[in-house]
């Protein structure tokens with residue numbers, strides 16, 4: 001087990017809650033669910049097309065970086081999502097619902113919870129980056145209007 005030098009004390013790092021094999025299983029199952037979804041399926045099909053394997057590989061790298069801090073993912077998720085003109089804020093809620101359902105079927109509770117915490121932060125960040133309107137968040141601006 002590796003350790004962190006905490007100054008006067010050395011503390012062991014916690015064991016990861018998942019591994020590469022489980023990440024791949026979750027990603028494949030989740031995107032199977034996405035493709036079958038009547039709301040999100042067409043959005044993803046339009047963006048990805050017929051060859052899903054490159055996207056899945058990118059998502060393996062992404063979730064490996066998120067869950068295992070592997071550093072494998074080198075993309076820019078905000079830029080990729082900003083190009084998707086049919087995505088709406090409510091789609092992130094649907095994405096999270098499907099992701100939670102997938103995790104609930106495949107992972108032990110602690111692992112599912114760890115994925116969900118990170119997925120919620122990611123969804124919030126993307127939603128904020130794509131749809132935040134400073135004028136609507138400023139109470140003074142609404143009073144002036």
Could you order the peptides 26-32, 41-47 from most to least packed, using the average number of other C-beta atoms within 10 Å per residue? 26-32, 41-47
With a ≥ b ≥ c from the Cα gyration tensor eigenvalues, square-rooted, and the rule rounded for a/c under 1.5, otherwise prolate when a/b > b/c and oblate otherwise, region 16-130 is rounded
Shape of region 65-119 from its Cα gyration tensor (a ≥ b ≥ c, root eigenvalues): rounded if a/c is under 1.5, otherwise prolate when a/b > b/c, or oblate? oblate
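Here, each number is a calculation from the coordinates, and none is a lab measurement. Everything numeric in this text was worked out from a predicted model, so none of it was measured. Positions of Cβ are generated from backbone atoms using ideal geometry, with glycine treated the same way; all protein chains shown enter the neighbour counts.
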